Amino acid sequence: PITSLQVNSDGLLYIGFESTQVIEDCEDAWTSGTHGTATLDTGDYKVGSGSAKIVASGAVAGDVLAYENITSLDLRDFTGVKKWIKVSSTVAADDLRLLLDDTAAVASPIEIISLPALTAGIWTRVYVRLATPASDTAIKSVGLRYQANPKANTIWIDDIRAESSYYYMDSGEN
């Protein structure tokens, strides 16, 4: 069944179906990273009973704010990742990046996924394409990095899932 229609940053409309592959349910606190303090928020979430809450303070570009080690997952059959995300301060496109790695603690990410611009105070469901799904055969950690324009911010993430788009349209197609 079709569960999402997403206009991706490449300008194409993706018709997707929700996979049964949960990457991270965000039902526990992540591990705090550099200039990020991670906790579980049971009062502000979209799915389940909590969200991963990350407070960035004094962050610099390139800081991995928080991460979660997960049971190894094979994501090579999927085309993208869908998640709920909310920020306390607006961020521009590519300020934040989602990291997927085949080692613990996102030590050497094999997927570095740019996130779109996000408006302060609004939960947004974001779909982003995987750059190299064929390499994603043993994902063991997921993380969040401040790539550019770091500032004090609180970031909530919830229900990170693998998803496949099976058709797309550009603006010239019917």
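Points worth noting:
- Region 91-162 - percent relative contact order, Cα under 8 Å, separation 6 or more: 39
- Over 19 Å (Cα to Cα) - which of Lys46/Lys82; Lys86/Lys140; Lys46/Lys83; Lys46/Lys140; Lys83/Lys151 fall in this group: Lys86/Lys140; Lys46/Lys140; Lys83/Lys151
- Contact order relative to length of region 22-131, as percent, for alpha carbon pairs under 8 angstrom and 6 or more apart: 22
- With all protein chains in place and a 1.4 Å probe, the accessible surface of the chain carries 51 percent carbon and sulfur.
- For region 89-147, the solvent-accessible area works out to 37 Å² per residue, with a probe of 1.4 Å and every protein chain left in place.
- Cα gyration tensor category, rounded, prolate or oblate, for region 1-148 with a/c compared to 1.5: rounded
- Under a model in which nothing but the beta-carbon of Lys, Arg (+1) and Asp, Glu (-1) is charged, the chain shows a dipole of about 380 debye around its Cα centre.
- Shape of region 84-171, Cα gyration tensor, a/c cut at 1.5: oblate
- When all protein chains stay in place and ligands, DNA and RNA are ignored, the 1.4 Å accessible-area order of Ile15, Ile54, largest first, is Ile15, Ile54.
- Counted charge near Cys26, where neighbours are those whose Cβ lies closer than 14 Å (Asp, Glu -1; Lys, Arg +1): -2
The values are calculated or read from the model by the stated rules, or taken from the named source; none is laboratory data. This is a predicted model, so every value here is computed, not measured. Methodologically, a virtual Cβ is constructed for each residue, glycine included, from the backbone with ideal geometry; neighbour enumeration extends over all protein chains shown. When the accessible area is computed, the model is the full protein with side chains, heavy atoms only, and any ligands, DNA or RNA have been set aside. Shrake-Rupley method; radii C 1.70, N 1.55, O 1.52, S 1.80 Å.
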